[in-house]
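A short worksheet on the structure shown next.
The values are calculated or read from the model by the stated rules, or taken from the named source; none is laboratory data. Please read these numbers as outputs of a predicted model, since none were measured by experiment. Glycine gets a Cβ as well: all are built from the backbone with ideal geometry, and neighbour counts include every protein chain shown. Side chains are part of the model used for accessible areas, which takes the heavy atoms of the whole protein and leaves out ligands, DNA and RNA. Shrake-Rupley method; radii C 1.70, N 1.55, O 1.52, S 1.80 Å.
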Amino acid sequence: IKHFLLIIMKFSRVVFCDFDGTITTQDTFITMIEKFAPEVSAQLLPMIFIRQITLKEGVQQTLGSISTNYYSQIIEHTGHQPIRAGLKEFLDFLNYIKIPCVVISGGLTDVVKALLERQQLINKIAGIYAGEVDRTGQYLRVYSSIESDTELVAKVKAMGKYPATEKIAIGDSVTDINMALAADLVFARDRLMRYLDDEKKSYVQWQDFFDVRDHLASRWQIYFYN
């Protein structure tokens, strides 16, 4: 019976998790562009947060102002950022009950992979969707396979690749709004809570991944050893 239930759950639930400021304790994308493109980020970040310009425009313009010579430094800088408490335990919990966790980042794939590999967690992730970088020119050019008119990484498009009866989103900021609106259950913190309040979308407030794990275990009536 237990085995049968796990198979059903595998196809009925998927967790979609943001990276910058969610998996990491700080928004690594913001700290990165503030470090490597301070003038452009100072001008554009406020416009992004109040949604005066699209995410796609903001990401392309900020990263497009950074020389390709800095790319290895960017990966080194962001790959050593601290992660939020409970991530390993949360991923172990999801793997135990056969529910995939998909990371969808408005940042860069190389950054996501570098940090997850350093933390030895990448094998616990079912998929990664984020921006890619073309370094053939003088400046970075970013793109993705799931762009939309307004988002460089259209998170709802990534969610559409994983049919499920219950989609769970975990996020913290402006890049997670559409993902949250498309989800059945949302875990929100920081700026995302204010955006969702404006959108009249319900959510569960969280501080670390222990909170998320314990809430889902209770919701799904799953018992495990801490």
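Kindly indicate whether residue 76 is free of Cβ contacts under 8 Å to residues at least 40 places away in the same chain and acidic (Asp, Glu). Yes; evaluated as a whole, the condition is true for this residue. For the range 202-224, the set of residues classified as touching a helix residue (DSSP H, G or I) at 6+ places or on another chain (Cβ under 8 Å) and either buried (at least 16 other Cβ atoms within 10 Å of the Cβ) or of a type in the set (Val, Ile, Thr) (or both) consists of 203, 204, 206, 209, 210, 212, 213, 216, 222, listed by residue number.
Only one of the numbered conditions (1) at pLDDT 90 or above; (2) buried (at least 19 other Cβ atoms within 10 Å of the Cβ) is violated by residue 85, and that is (2).
Within the range 181-194, residues that are in contact (Cβ under 8 Å) with a residue 40 or more places away in the chain have Cβ atoms under 7 Å from residues that are open to solvent by less than 40 Å² (accessible area, probe 1.4 Å) and aliphatic (A, V, I, L, M) in these pairs: 183/168; 183/169; 191/174, counting only partners at least 6 apart in sequence or on another chain. Within the range 130-145, the residues that satisfy the criterion of being out of contact with any Leu (no Cβ under 9 Å at 6 or more places or on another chain) and either within 17 Å of residue 40 (Cβ to Cβ) or open to solvent by less than 100 Å² (accessible area, probe 1.4 Å) (or both) are 137, 138. Of the residues 129, 96, the single one that is at pLDDT 90 or above and farther than 23 Å from residue 180 by Cα is 96. If the condition is being more than 20 Å from residue 76 (Cα to Cα) and surrounded by 15 or more Cβ atoms within 10 Å (Cβ to Cβ), then the range 30-40 contributes only 40.
Matching residues to (1) open to solvent by less than 50 Å² (accessible area, probe 1.4 Å); (2) without any contact (Cβ under 8 Å) to a residue 24 or more places away in the chain; (3) farther than 21 Å from residue 215 by Cβ; (4) of a type outside the set (Phe, Trp, Tyr):
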residue: 81; (1), (2), (3), (4): yes, no, yes, yes
residue: 93; (1), (2), (3), (4): yes, no, no, no
residue: 114; (1), (2), (3), (4): yes, no, yes, yes
residue: 171; (1), (2), (3), (4): yes, no, no, yes
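Cβ separations smaller than 6 Å between residues 6+ apart or across chains give the following pairs from the range 27-48 residues that are small (Gly, Ala, Ser) to residues that are not in a helix (DSSP H, G or I): 37/65; 37/66.
Taking the range 194-226 as the range and being in contact with a strand residue (DSSP E or B) (Cβ under 9 Å, 6 or more places away or on another chain) and of a type in the set (Val, Ile, Thr) as the test, the residues that pass are 204, 212.
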